[in-house]
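Below you'll find the structure, written out as structure tokens, and then a few comments.
Just so it is clear, none of the values below were taken in a lab; they were calculated from the coordinates. Keep in mind that what you see is a predicted model, and the values were worked out from it rather than measured. Here the Cβ is made from the backbone with ideal geometry for all residues, glycine too, and neighbour counts use every protein chain on show.
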Amino acid sequence: MLTKHKMATPSTDQIYDRQIRLWGAESQTRMMQSHVAFVNVSGLTSEVLKNVVLAGIKCTLISIGPRVVSEADAASNLFLRKGDIGAANVEAASQARVQELNVHTTVEHLVYGDLSSFLSTLPTSGYTLLVSPALGMSTLDSQTISSSCRASGSSLILCDSFGFHACAFLQVGGDEGHTYRKEAGKDKLSDPMTAIYPVIEGADSLGDWEGLKTRFGGVPKEWVAWMIGRMGRGKGEDWKFFAEETLKAKKLPSTYLGSQDDLAALPKSLYSSPCIVPVCAVFGGQLGQEVLKMLTTKGECAWNFLTFNGETQIAREVRVGPDDGKKQ
């Protein structure tokens with residue numbers, strides 16, 4: 001007689017054994033109680049999504065506006081295939097593959113007609129963190145999503161890759177700030193510290209970019225390009241003039257981003273060139289680690305921009321905003 005044996009359901013400790021040994025049981029619990037929304041998933045944010053799902057964190061894929069799968073989407077998004085080209089919705093086409101990464105967590109999909117419809121749900125959504133591209137939206141929209149997240153208590157990452165470069169803005173915690181503990185030696189953590197991260201409008205309105213603080217000195221060119229790209233979207237034939245005037249207003253040389261020809265070619269790189277997969281993989285992995293620090297409250301998150309230069313393989317942190325808000 002054939003006897004059927006029921007397979008034992010693995011426990012959380014077994015499923016996430018490596019993570020628990022790395023982060024601790026309390027941190028794993030925090031991650032599993034978190035909820036991350038990915039808005040209009042890109043090649044870069046698909047890499048962040050991979051790290052988040054594998055960590056056991058609940059995710060919702062948010063589609064805003066038309067999201068037909070393009071060749072560029074299929075080439076750069078980790079969860080899309082050539083056969084998906086022409087499908088009505090990027091997130092719908094990728095949802096099942098995202099879920100396959102980790103059947104022990106939840107991957108949902110929601111559709112909204114416009115950004116305001118989505119933002120109206122934030123106060124009751126329970127999202128711990130939003131991750132979204134920024135170059136696909138207007139400056140006003142990125143400022144609105146930043147202030148809405150701040151008011152609702154959700155953290156925010158706005159990020160894009162363009163050519164061999166990538167940039168991200170991190171806004172951790174709401175009006176009350178983000179409380180965390182730093183490593184203070186082997187198996188030791190510091191007393192709780194609180195950082196109140198500024199909204200992105202503060203960086204947009206900053207008058208002097210030349211004096212921004214970075215670990216290696218000098219503001220990264222990829223950060224300048226990304227900021228001008230965000231603010232100059234929709235300028236059309238006036239884009240080059242807008243970029244030149246912005247550099248002048250921010251006290252940077254007109255040649256800071258290269259020659260006149262380089263400046264004229266920059267919009268194509270920012271808005272229409274396909275993502276370069278290795279750049280997305282490296283920077284997406286780095287952002288994934290920032291997400292885990294946010295959600296576990298274990299470790300100090302970047303303050304408050306990160307950049308990556310794929311040609312030099314150098315990642316840099318750009319500090320924008322009052323440092324006295326970082327430790328209270």
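Check each of the GluC sites (Glu not before Pro) in the range 90-191 and keep only those in coil by DSSP with at most 14 other C-beta atoms within 10 angstrom; list them in order.
When the GluC sites (Glu not before Pro) of the range 90-191 are filtered for loop state and at most 14 Cβ neighbours within 10 Å, GLU176 remain.
Quick query: amide H of THR106 versus all other amide H atoms, modeled in the peptide plane; which residues come in under 5 Å with a sequence gap of 5 or more or a different chain?
Under 5 Å from the amide H of THR106 lie the amide H atoms of LYS58, CYS59, each far enough along the sequence or on another chain.
With each pseudo-label sitting 7 Å past Cα toward Cβ, what's the VAL103-THR124 distance in nm, one decimal?
It is 3.4 nm.
So which trypsin sites (Lys or Arg not before Pro) in the range 240-328 are both in a DSSP loop and have at most 12 other Cβ atoms within 10 Å of their Cβ?
Passing both the DSSP loop test and the Cβ count: LYS251, LYS327.
Just one of (i) 34, 25, 22; (ii) 34, 25, 18; (iii) 27, 25, 17 is semi-axes √(5λ) of the Cα gyration tensor in Å calculated from these coordinates, so which is it?
This structure yields the entry labelled (ii).
So which of LYS188/LYS298; LYS58/LYS182; LYS248/LYS268 end up more than 18 Å apart, counting from Cα to Cα?
LYS58/LYS182; LYS248/LYS268
Can you give the FRET efficiency for SER205 and SER269, using 1/(1 + (r/R0)^6), R0 = 30 Å, r = Cβ-Cβ distance, to the nearest 0.05?
0.75
Just from its helices, what would the mean residue ellipticity at 222 nm be for the chain, if runs of 4 or more DSSP H residues each count -39500 (n - 2.57) and the sum is divided by every residue, rounded to the nearest 500 deg cm²/dmol?
Mean residue ellipticity, 222 nm, calculated: -11500 deg cm²/dmol.
May I ask you to evaluate 6.51 cos²θ - 1.76 cosθ + 1.60, the Karplus curve with θ = phi - 60°, for each residue of the range 274-289 and list the ³J(HN,Hα) values in order in whole Hz, giving x for glycine and proline?
For the range 274-289, the Karplus curve yields x, 5, 8, 4, x, 5, 4, 5, 5, 6, x, x, 5, 5, x, 5 Hz.
Residue farthest toward the positive end of the dipole of the range 25-325, with Cβ of Lys/Arg at +1 and Asp/Glu at -1: which of SER161, ASN102, THR307?
The listed residue farthest towards the positive side: ASN102.
Which percent, to the nearest 5, of DSSP beta bridges fully inside the chain are antiparallel?
Close to 55 percent.
Where the only charges are on Cβ atoms (+1 Lys, Arg; -1 Asp, Glu), what is the dipole of the chain about its Cα centre, to the nearest 20 debye?
860 debye
Counting other Cβ atoms within 10 Å, which GluC sites (Glu not before Pro) in the range 237-328 have at most 14 and lie in a DSSP loop?
Here the sparse-neighbourhood loop sites are GLU311.
With contacts defined as alpha carbon pairs under 8 Å and 6 or more residues apart, what's the relative contact order of the range 25-325 in percent?
21 percent
Pull up all non-local amide H partners of HIS165: gap of 5 or more, or a different chain, and H-to-H distance under 5 Å with H placed in the peptide plane.
Answer set, sorted by chain and number: GLY310.
What whole-number distance in Å separates the alpha-carbon centres of the range 32-58 and the range 267-326?
Centre-to-centre distance over Cα atoms comes out at 15 Å.
What's the whole-number percent of alpha carbon pairs in the range 41-129 lying beyond 20 angstrom?
35 percent
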